[in-house]
Amino acid sequence: MKNYLLLFAFCGFLFTSLNAQQDYQLSQGFFEGEPYLAINPTNPQNIVVAWMRITPTDRMIRTKATFNGGQSWNAAVDVPKIYSQAADPTLAFDNSGILFLCYINHSGGSPDTGGVYSVKSTDGGLSWSNLIEAININADGPHQPVDRPWLVCDRSSGPYQGILYLTTKNVSGTPSPYRPYFLKSTDGAQTWSNWRYVDSTGWLSAVPSAMAVPSVDANGVFHGIYVSYLATQNALPQYIMASSTNAGSSFQYSQVLSSLPSSSNDSAKLAWQMIADPSDANHLALLFPMGTNGDLDIFMTETTNSGASWSPKLRINDDAISNGKLQDLVWASFDNDGDLVVCWRDRRNGAATGYAQSSEIMAAVRWKDSSNFESNFVISDQLVPYNNILAEAGNDFLSQQMMNDTLYIAWGDTRTGFLNIWFDKIALINGSTNGLINLASEEIPFVQVFPNPSSNIVNIELGEEKLLDIKVYNAESKLMLTVLESQFSISELPDGIYFVVVQTENKTSVNRMIKK
């Protein structure tokens, strides 16, 4: 079940570096994407990243934890599952340091079975409990309300402290009506409430695969922002905020934006994010890509009165306006004292315009005592060439959190030829980083596959590693060849895309894609 972030497609909407640095590679696999990062409030040195890992035979959720602020990481842990297909992890710590993880787990069959499940960790992400079903794939008939689960925890000091909130959306391709879903757990994810719709009469969503992006403010009020495109409510697409002061028993509604300029690129990741300022319960911000200037830019609107009014849209990326350089994949967070950092994927240094260009991860900071953002800066350590896998919906992702003026960030990029997860930690005051290296347990050896494309002979060039074997899989993950030599023929295989998995004698697997 893919994480379809192109939520507006059907209706037409929808960094110069501070210091030279090297990014941590958290993952190495056949396909690893959709990372989500969380920091333990009782021990900020405890950081956990979850992501989706796809192999030729399986799809799982995998996590890694660090207890020294990202200097070193524990071995990867596979999260329990019932069915073969798992995706879309989302993490949340409570005030006591218990970590919760929600994700999709389903069979992928016809009929499909499964749903959204939760697990928890009491040891900072080193191990996980048995899974609990939060919502079943058949809970709302054929509408399959189990895509893009999004988990938040009330970490205020209010009466609902500790409650977990979960929003989901319809699976792409299911029949209308399209509604965002809401449920909660009041007992630490041992049980989940019956689901309900986030939207309501007069405030309906009606957008395929609509999601309500959740947040909880400093007073413990739940907010969820979703998109509506229904002519009887508004002539133009709009963002609507549903708020609840009683832990979701009822919602109050307000309009955030009344018009959303369109994007002409269906591959761009157009998901939005709402965040709450821990230092000011009235302060909320909405971040989103928008095509106002003819290409996608990163914008923000904010409220300082709990949504009664919202500021004019502010463009955050500071490259030339209307230059055709597309920005997307936005994520933002507030520090505990109200500092704000926004990150996104940026193509300003690519050779040409449009989506399919080399990109970097960039950011901008606004300090709590300022009304303006500082100049944009680069997070990633290299300009990554475009890879066709990035045209697939949801197959790259970005997650970050700011704490004590330090940015912790995880993202997916394809510098290795496959989608892998990378991590960086940057002190935003002076730009210093960890002086990062690849994790030793998952360090990728040099492997080159050539020629690519090929119609006959394929050569594998290794560095200092010794070859154990090579397996070739087709796009449906079926094993097509097993060879023991670094030169082999694919002349008997049909034309198409294949995945070459090189196993070395030190038990390291390296994956590359070739085309015949």
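At the residue level, ASP413 shows approximately 20 square angstrom of accessible surface with a 1.4 angstrom probe and all protein chains present.
List the lysines whose Cα lies under 17 Å from the Cα of LYS471, skipping any in the same chain that are fewer than 8 positions away. Candidates past the 8-residue exclusion: LYS507, LYS515, LYS516. Scalar couplings 3J(HN,Hα) for segment 87-93, obtained by applying the Karplus form with A = 6.51, B = -1.76, C = 1.60 to θ = phi - 60°, are 6, 6, x, 9, 10, 7, 8 Hz; x denotes Gly and Pro. Straight-line reach only, C-alpha to C-alpha below 28 angstrom: list the lysines that LYS184 could link to, leaving out same-chain residues fewer than 8 apart. Output for LYS184: LYS2, LYS64, LYS81, LYS120, LYS169, LYS269. Per-residue extension of 0.36 nm, minus the Cα-Cα distance of LEU468 and SER127, leaves a gain of 119.6 nm for this segment. Each peptide in 113-119, 36-42, 99-105 receives the mean, over its residues, of other Cβ atoms within 10 Å, and ordering these scores from highest gives 99-105, 113-119, 36-42.
Peptides 294-305, 247-258, ordered by how many other C-beta atoms sit within 10 Å of their residues on average, highest first, read 294-305, 247-258. Within the accessible surface of the chain, defined with a 1.4 Å probe on protein heavy atoms only, the carbon and sulfur portion equals 48 percent.
For the chain, what is the accessible area per residue in Å², given a 1.4 Å probe and the full set of protein chains? Numbers along the way, then the final one.
Values: 18870 Å² over 516 residues.
Per residue, the chain has 37 Å² of solvent-accessible surface.
Just check segment 195-320 against the gyration tensor rule for me: Cα atoms, a ≥ b ≥ c as the square roots of the eigenvalues, rounded for a/c under 1.5, and otherwise prolate or oblate depending on whether a/b exceeds b/c. The partial results should precede the final answer.
Values: a/c = 1.97, a/b = 1.25, b/c = 1.57.
Since a/c reaches 1.5 but b/c is at least a/b, the shape of segment 195-320 is classed as oblate.
For segment 68-209, what does the alpha-carbon gyration tensor say about shape, rounded, prolate or oblate, given a ≥ b ≥ c as the root eigenvalues, a/c under 1.5 as rounded, and a/b over b/c as prolate? Cα axes put segment 68-209 in the oblate bin.
Quick one: dipole size for segment 281-341, taken about the Cα centre, charges +1 on Lys/Arg Cβ and -1 on Asp/Glu Cβ, in debye to the nearest 20.
Working: 3 positive and 9 negative charges, 51 e Å.
That gives segment 281-341 a dipole magnitude of about 240 debye.
In plain terms, the chain from SER358 to ASN305 could stretch by 15.1 nm, reckoned as 0.36 nm per residue minus the Cα-Cα distance. Shape analysis of segment 39-106 places it in the oblate category; the axes a ≥ b ≥ c from the Cα gyration tensor give an a/c of at least 1.5, with a/b not above b/c. Between ASN372 and ASN293, the simple spin-label model (points 7 angstrom out along Cα→Cβ) gives 1.6 nm.
The values are calculated or read from the model by the stated rules, or taken from the named source; none is laboratory data. Values in this document were obtained by computation on a predicted structure and should not be read as measured data. FYI the Cβ positions are ideal-geometry reconstructions off the backbone, even for glycines, and counts take in every protein chain you see. Protein only, heavy atoms only, side chains kept; ligands, DNA and RNA dropped before computing areas. Shrake-Rupley method; radii C 1.70, N 1.55, O 1.52, S 1.80 Å.
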